[in-house]
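S.K.: This is the structure I have questions about; it appears just below.
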Amino acid sequence: MFKPISIILLFFVLSNKAISQKSSELGAEYMRSIGKGFNNASAGARYESYSKKNSWSIGFTYILPSKHSYGGQRGLGMYAGFRFGFGGGTGGNLFAGARVSFAFVNFEGKTNLNSLVCTAMAEVGYHFLFSSKKNIFASPSIGYGYTKKITKEFNSLDEDEGGRIMPSISAGFRL
């Protein structure tokens, strides 16, 4: 199942590299999701492609089990997003962006049915570049998002729906 996606992603990365130098990044991301009666985290891999100072990103995530909310959940997801860069010097760039993510989550202790949830998010942050060749990056950001359950299985107390603050950090290498 993941082989066609991997081949497409590899083709996209290699074709992007052929067009211009240092126009894409590959890394990892950790994000918290903090809402009323809700608190969880996700970790995953991300790919970001640049066009001048703006960028498009895609990523795959794993929602980590939470001990701080009633309906503990875990699951897999993916997202796509856009970031607008506000100038920048040699050491980094201030950005604002938006992303939409979809995840299949399983609420522990309720049922073994997966629910599809969608989260729309706006974020601001700073993209730091490190090392003498500027090929290592870190991007802390803070965002606000709203999560909506798409499927209607009765397997949570709906604490997973609603607005939330979403701080994150990503790091990796420029290709």
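S.K.: Is there any pair with a first residue in the range 105-119 that is under 11 Å from I63 (Cβ atoms) and at pLDDT 80 or above and a second that is of a type outside the set (A, V, I, L, M, F, W, C) and assigned to a loop (DSSP other than H, G, I, E, B) whose Cβ atoms are under 7 Å apart and which are 6 or more apart or on different chains, and what are they?
M.R.: Pairs that qualify, where the first residue is under 11 Å from I63 (Cβ atoms) and at pLDDT 80 or above and the partner is of a type outside the set (A, V, I, L, M, F, W, C) and assigned to a loop (DSSP other than H, G, I, E, B), are V117/D160.
S.K.: Separate question: Can you report the number of residues in the range 142-175 which are outside any loop (DSSP other than H, G, I, E, B), modelled with pLDDT under 85 and out of contact with any Gly (no Cβ under 8 Å at 6 or more places or on another chain)?
M.R.: Here the count works out to 1.
S.K.: Output yes when any residue across the range 128-141 is modelled with pLDDT of 80 or more and touching a helix residue (DSSP H, G or I) at 6+ places or on another chain (Cβ under 9 Å), and no when none is.
M.R.: For the range 128-141, residues modelled with pLDDT of 80 or more and touching a helix residue (DSSP H, G or I) at 6+ places or on another chain (Cβ under 9 Å): absent.
The values are calculated or read from the model by the stated rules, or taken from the named source; none is laboratory data. From a predicted model like this one, the values you see are computed outputs, not experimental measurements. Counting neighbours? That spans all protein chains shown, and the Cβs are built from the backbone with ideal geometry, glycine included.
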